[in-house]
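Structure first, then comments.
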Amino acid sequence: MERHDFHCFEPARGHGLKHNPMQAIIAPRPIGWISSVSRAGHRNLAPYSFFNMFRSDPPLIGFSSGGRKDSLCNIEETGRFVWNLATRSLANPMNVSSSIVPRDVDEFELAGLTPVPSSFGAPAYVGESPVSFDCVLTQIVDLKDRSGHPSGSHLIVGEAVYVRIARDLIVDGIYDTLKGEPIMRGGGLSDYFYLTAEGYFRMGRPD
């Protein structure tokens, strides 16, 4: 197999490139499009690119908030949030919902999206999104560096207790990931990706 010539660096000392490659290497990343509501009733909708599912049974999903953003504050107050699937057709509204606005500004209205009441006391979900999970907060972890110092980011983890899937995305009893057209965050300042049939392949695990 071919061996590589490497560009090497210690992240604490800088990467020496035009843009931080750490945000591009672990990529593309699924988008945590999180809806939440404050105790006072102010709705919030925001995308987070540091997001993933950590376990399927029970389904645990989490996202990282850099700083104490509205989503984190709302979830601390209510213990509930909703993850909404960001699709190719919803890319522009998703991007609008990332706008930095005062806490009492409703990003659903800002992005022209429909808030629909959820279950289990969860906040509204995005009516235009074909998949959404109503989640109950399980833990908030203040992330630290190797020296134990606060990183300024917080990992919010929740258990999905109610799931909605548009029926047309279920084919012969199997969820069709490609048909859902999820968009994902890449590197750079504005790079995104979405799945295509050309990128699809199958590979079974070794026996």
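Ranking Leu72, Val96, Ala46 by how far each Cα lies toward the positive end of the dipole of the chain (charges on Cβ) leaves Leu72 at the top. 3J(HN,Hα) along region 37-52, derived from phi through the Karplus expression 6.51 cos²θ - 1.76 cosθ + 1.60 where θ = phi - 60°, amounts to 8, 7, 4, 7, x, 7, 6, 9, 9, 8, x, 10, 8, 8, 8, 5 Hz, with x in place of Gly and Pro. Taking label points 7 Å from Cα along the Cα-to-Cβ direction, Ala91 and Ser56 give a separation of 2.8 nm.
Around His42, under 12 Å between beta carbons, what's the net of Lys plus Arg minus Asp minus Glu among the other residues? Could the numbers behind the result be given before it?
Numbers: positive: Arg39, Arg43, Arg103; negative: Asp70, Glu77, Asp104, Asp106, Glu107, Glu109.
With Lys, Arg at +1 and Asp, Glu at -1, the net is -3.
Enumerate the residues in region 1-44 having an amide nitrogen under 14 Å from the point lying 7 Å beyond the Cα of Leu189 toward its Cβ. Under cut-off, by backbone N: 18-20. From helices alone, the chain scores -2500 deg cm²/dmol at 222 nm; the rule is -39500 (n - 2.57) for each run of n ≥ 4 DSSP H residues, then divide by the residue total. Sorting the segments 119-127, 92-100 by their residues' average number of neighbouring beta-carbon atoms within 10 angstrom, most packed first, yields 119-127, 92-100. Other residues lying with their Cβ under 14 Å from the Cβ of Val157 contribute a combined charge of -1, Lys and Arg counting +1, Asp and Glu -1.
If you look at the Cα atoms of the chain, you get an Rg and a Dmax of 18.4, 60 Å. Neighbour counts of C-beta atoms inside 10 Å place Arg13, Arg185, Arg88, Arg39 in the sequence Arg13, Arg39, Arg88, Arg185, starting with the fewest.
Going by neighbour counts of Cβ atoms within 10 Å, the residues Lys18, Lys144, Lys69 line up, fewest first, as Lys18, Lys144, Lys69.
Scanning residues 5 or more positions from Val161 or on other chains, those with amide H under 5 Å from its amide H are Asp134, Cys135, Val136, with H placed 1.01 Å from N in the peptide plane.
So what is the relative contact order of the chain, in percent, for Cα pairs below 8 Å that sit 6 or more residues apart? Could you put the intermediate results ahead of the total?
Values: 404 pairs, mean separation 47.0, N = 207.
After rounding, I find 23 percent.
Amide hydrogen proximity for Asn52: with H placed 1.01 Å from N in the peptide plane, the residues at 5 or more positions away or on another chain lying under 5 Å are Gly62. Each part gets one Cα centre, and for region 1-72 versus region 151-207 those centres are 15 Å apart. Dipole check for region 85-207: with +1 at the C-beta of Lys and Arg, -1 at the C-beta of Asp and Glu, and the Cα centre as origin, the magnitude is about 280 Debye. Karplus-derived 3J(HN,Hα) values for region 134-149, using 6.51 cos²θ - 1.76 cosθ + 1.60 with θ = phi - 60°, are 8, 10, 10, 4, 10, 6, 10, 10, 7, 6, 10, 7, 5, 8, x, 7 Hz; glycine and proline are entered as x.
Values in this text are rule-based calculations from the coordinates and carry no lab data. Predicted, not measured: the structure shown is a model, and the values here were computed from it. Every residue, glycine as well, gets a Cβ built from its backbone with ideal geometry; the counts of neighbours run over all protein chains shown.
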